[in-house]
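Here's the structure, in structure tokens; my notes come after.
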């Protein structure tokens, strides 16, 4: 029944899935609870243009896309700190412009032979070894970042003014968080898809916050649930021959609905 696990591309997909699941779950509470969840969706649209540029200019698209999206994330962060524009508007401006430019490049490029659909929904089973290495690398970076700055990030999430009063460099940490999110999004877009990658960031905290009010438990439950659901999505998607990213999002949604349905019962 589990013979497909002997295939190299399945093993690679599981490694990538686990790395992305853990990365997304670690980022999730610091973005979602700080009302910055939409930055993941915005950067996914930016990465569409970045990857297209990478495909046209280089044999390794990610080497172009990663710095491109990181710069965009820093621009969004900078614009959101100005008094003339708020964070959501900054995300909307940068992401919509980038996505539009990407579509124009595709339309006008003669040698572009990559399916737009594959870029929008992703395909974890066709991921390359370099993408697997990058997914493990971003997991390492995010894990070290969260472990080293956990207390400061926690304070920034719940009380930004107090964090500033405590002399925490909230600006630097905010830029670092945005850059790491951008790195994660670019790697994830190639495997989960432009339209779905933000769900991996949003769902872990949304689900775990339904069962606990503790920030630490929200992080732990988010990591655990994300890991289980992403691996389950791979196991379900392969035999049914359906997109992995879509399957993962559907399972997340089912779990969320089940928790909200059963929550009144266990409270009694």
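What to note about this one:
- Whether segment 128-265 is rounded, prolate or oblate, judged on the alpha carbon gyration tensor where a/c under 1.5 counts as rounded: oblate
- Using a Gaussian network model of the chain in which every pair of alpha carbons under 10 angstrom is joined by a spring, one finds that among 123, 34, 169 the greatest mean-square fluctuation is at 169.
- Residue of 79, 219, 57 that the Gaussian network model of the chain assigns the largest fluctuation, springs spanning Cα pairs under 10 Å: 57
- Projected area, mean over directions - segment 168-233, Cα convex hull, nm²: 5.4 nm²
- Comparing 211, 202, 223 in a Gaussian network model of the chain (Cα springs below 10 Å), the most mobile by mean-square fluctuation is 211.
- If you wrap the tightest convex hull around every Cα atom of the chain and split its volume per residue, you get 136 Å³.
- Computed per residue of the chain from DSSP H runs no shorter than four, each worth -39500 (n - 2.57), the mean residue ellipticity at 222 nm is -27500 deg cm²/dmol.
Each reported figure results from applying straightforward, stated rules to the coordinates on display, with no laboratory input. Worth saying up front: this structure is predicted, and the values here are computed from it rather than measured.
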